[in-house]
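Participant: Please see the structure below; I have some questions.
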Amino acid sequence: MTQKRISKELQECLTTPPAGIKVNLVDEGNIHNWNIVMDGPADSPYVGGKFQLLLVLPTEYPFKPPKINFKTRIYHPNVTFDEHGSMCIGILKSDSWKPSSRIPNVLTAIQQLLLEPVPDDAVEQGAAQKFKEDRKAFDKEARDMTKKYAK
Amino acid sequence: MIQFISTLSLVEYNQPPPKAVPAQPGTPDPFREFFLQLQAHATPGLSSWGKSPAKGKIPGLRKDDTAKKQECVICVEEKPLQHFPKITDSCQHPDQICLVCVQNWLAREADNTDWDKIHCVACKEIVPYNHMKRLMTKAAFEKYDQYSRNATLSKMPNFRWCISSSCSSGQIHEIDTDGYIFYCGACYTKTCVIHNVPWHEGETCTEYDYRQDPKVKAAEERASKIEIKGSSKPCPGPGCKVNITRNGGCEHMKCELIFELWDARVNENADSRQVRDVIMSSVGSVWRISIRFGRMGIRSMRRVASCTRRICQIISIIHYW
Ligand SMILES: [Zn+2]
Ligand SMILES: [Zn+2]
Ligand SMILES: [Zn+2]
Ligand SMILES: [Zn+2]
Ligand SMILES: [Zn+2]
């Protein structure tokens with residue numbers, strides 16, 4: 001059951017991915033690990049950047065949510081600024097995840113997060129504080145880091 | 001006819017038969033009643049589609065137009081509409097998840113969540129017992145039913161599980177009436193309810209304590225010395241010939257065959273030791289009540305809420321008739 005659902009979602013994401021997103025498998029033989037390339041959205045300090053993410057579908061998918069990490073460093077209140085690039089967003093938390101949610105929903109939620117960080121639910125406190133107190137400085141830092149890491 | 005016994009003595013005595021589950025027919029069974037109550041509680045609100053399906057129908061499924069099909073939002077299989085059950089009475093969403101997926105979800109949740117907190121796969125509505133029964137596979141429901149029963153029993157006061165690892169039985173055990181030995185009605189294992197270990201055969205709980213920790217003995221010997229200084233008086237209860245020995249404290253003491261102990265704390269002068277157990281035992285026609293001091297505090301005894309005075313140090317009572 002999981003296989004059929006994943007294949008179908010993969011097929012959809014390969015043929016008609018959400019705008020600004022490209023999807024391919026990390027390894028052709030394993031449909032559980034997806035490689036995502038997300039363009040930094042226009043109107044965000046991430047514009048011009050290409051961000052790589054790794055999406056892992058657990059064997060209990062869709063009863064359990066997928067795991068997503070930024071492989072490319074990103075300066076953002078809701079993503080850890082380290083080699084893990086972990087994030088914690090509502091749709092992926094296991095108590096709010098709905099088995100009927102689809103991967104495109106997840107990916108667009110992440111794009112939305114790049115446009116509108118949620119500093120009150122931050123994992124990167126420094127970035128969150130800067131975002132709240134000095135938006136200009138935050139944007140500059142985010143742009144600089146995008147240039148540095150996401151080219 | 002007064003006789004002192006050691007403060008700390010505990011004799012094994014004729015123990016009433018254990019209240020095993022299930023009870024013999026005809027006798028009131030608190031488990032069953034509790035459980036029936038629980039089930040009765042779950043029944044209202046059951047709508048017609050929730051009732052037991054007629055023979056030959058797939059349980060949990062709707063009787064809609066069988067020709068129409070839709071895709072399950074979880075497994076993406078195309079299935080006839082009748083394979084998409086309504087999950088709870090209060091679900092506000094369309095029925096887009098097939099029975100197989102609902103069953104997978106419920107079975108998973110039953111293994112991971114408290115039986116009464118399992119929610120719908122598509123929303124946060126809790127799925128009540130009767131709907132779990134309607135939706136789950138037979139095998140999964142049996143497991144869930146067992147979980148729910150165990151959880152319900154565990155919440156009952158004085159309920160204990162048998163400690164034997166190979167036994168899954170349990171029963172109500174009240175120390176006041178059933179004593180210190182828990183006889184499992186299913187596997188006949190004997191457990192000491194004070195120490196929660198297999199019954200220490202040939203050894204009283206006190207002796208067991210001594211063997212485990214010599215310091216207990218010293219503390220209790222000090223308690224015995226207090227006893228010897230005490231005086232004994234007949235019970236003030238009307239018609240009662242029992243002698244009560246105590247040393248100080250309030251007069252608020254009487255004996256009944258069901259022993260009542262008011263807020264059972266030793267007065268502060270006595271090292272603030274706490275009364276540990278009140279032991280009522282009968283050997284032949286002799287009732288023996290002894291109180292033990294110890295570190296573990298008060299266990300299962302009757303208290304009368306009306307008196308807030310700290311009790312006198314009752315030491316021991318022997319009742320002849
Ligand atoms: Zn629902
Ligand atoms: Zn399905
Ligand atoms: Zn047993
Ligand atoms: Zn014991
Ligand atoms: Zn009396």
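The values are calculated or read from the model by the stated rules, or taken from the named source; none is laboratory data. Given the structure is predicted, the values throughout are model-derived calculations rather than measurements. Every residue, glycine as well, gets a Cβ built from its backbone with ideal geometry; the counts of neighbours run over all protein chains shown. Each accessible area value is taken on the protein alone, full model and side chains, heavy atoms only, with ligands, DNA and RNA left out. Shrake-Rupley method; radii C 1.70, N 1.55, O 1.52, S 1.80 Å.
Participant: For the structure I just gave you, tell me whether B:K143 is at pLDDT 85 or above, of a type in the set (D, E, K, R) and more than 16 Å from ligand 5 (Cβ to nearest atom).
Facilitator: So B:K143 passes the test.
Participant: With the checklist (1) in contact with a strand residue (DSSP E or B) (Cβ under 8 Å, 6 or more places away or on another chain); (2) open to solvent by 20 Å² or more (accessible area, probe 1.4 Å); (3) at pLDDT below 95 in hand, flag the one item A:Q52 doesn't pass.
Facilitator: (3)
Participant: Further question on the same structure: Under the condition of being open to solvent by less than 30 Å² (accessible area, probe 1.4 Å) and modelled with pLDDT of 85 or more, which residue from segment B:174-183 is farthest from ligand 4 (Cβ to nearest atom)?
Facilitator: Checking each candidate, the answer is B:F182.
Participant: Condition first: farther than 28 Å from B:T206 by Cα, crowded, with 16+ Cβ neighbours inside 10 Å and not aromatic (F, W, Y). Can you find one or more residues in segment B:153-167 that meet it?
Facilitator: The answer is yes, given that some residue of segment B:153-167 is farther than 28 Å from B:T206 by Cα, crowded, with 16+ Cβ neighbours inside 10 Å and not aromatic (F, W, Y).
Participant: A further question follows. With respect to B:A140, is the statement that it is within 14 Å of chain A (Cβ to nearest Cβ) and more than 16 Å from ligand 3 (Cβ to nearest atom) true?
Facilitator: Numbers: within 14 Å of chain A (Cβ to nearest Cβ): no; more than 16 Å from ligand 3 (Cβ to nearest atom): yes.
No, not satisfied.
For (1) in contact with an Asp or Glu (Cβ under 9 Å, 6 or more places away or on another chain); (2) among the acidic types (D, E); (3) away from ligand 2 (no atom under 16 Å from the Cβ), each residue gets a yes or a no:
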| residue | (1), (2), (3) |
| --- | --- |
| B:T88 | yes, no, yes |
| B:Q96 | yes, no, no |
| B:V100 | yes, no, no |
| B:V121 | yes, no, no |
| B:A139 | no, no, yes |
| B:D145 | no, yes, yes |
| B:N150 | no, no, yes |
| B:N158 | yes, no, yes |
| B:C167 | no, no, yes |
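Participant: Any chance you could count how many residues in segment B:102-119 are within 16 Å of ligand 2 (Cβ to nearest atom) and small (G, A, S)?
Facilitator: Within segment B:102-119, residues that are within 16 Å of ligand 2 (Cβ to nearest atom) and small (G, A, S) number 1.
Participant: In addition: Every residue in segment B:79-118 that is within 11 Å of chain A (Cβ to nearest Cβ) and of a type outside the set (S, T, N, Q), please.
Facilitator: Result: B:H93, B:P94, B:I97, B:C98, B:V100, B:C101, B:V102, B:W105, B:L106, B:A107, B:R108, B:E109.
Participant: While we're on this one: Hey, which of the helices (runs of 4 or more DSSP H) in segment A:56-151, taking only ones fully inside, have at least 1 residues that are under 23 Å from A:P17 (Cβ atoms) and open to solvent by less than 80 Å² (accessible area, probe 1.4 Å)? Full working, then the answer.
Facilitator: Working: elements: A:103-115, A:125-133, A:135-149.
Passing ranges, in order: A:103-115, A:135-149.
Participant: Are there any pairs, at least 6 apart or on different chains, whose C-beta atoms fall under 7 Å, with the first in segment B:198-218 and at negative phi and open to solvent by less than 50 Å² (accessible area, probe 1.4 Å) and the second within 16 Å of ligand 2 (Cβ to nearest atom) and at pLDDT below 80, and if so, which?
Facilitator: none
Participant: Of all residues in segment B:185-211, count the ones that are within 16 Å of ligand 4 (Cβ to nearest atom) and under 30 Å from B:Y129 (Cβ atoms).
Facilitator: Final tally of qualifying residues: 0.
Here is a yes/no grid of residues against (1) within 12 Å of the chain's Cα centre (by Cα); (2) more than 14 Å from chain B (Cβ to nearest Cβ):
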site	(1), (2)
A:L14	no, yes
A:M38	yes, yes
A:A42	no, yes
A:N69	yes, yes
A:S86	yes, yes
A:L92	yes, yes
A:D95	no, no
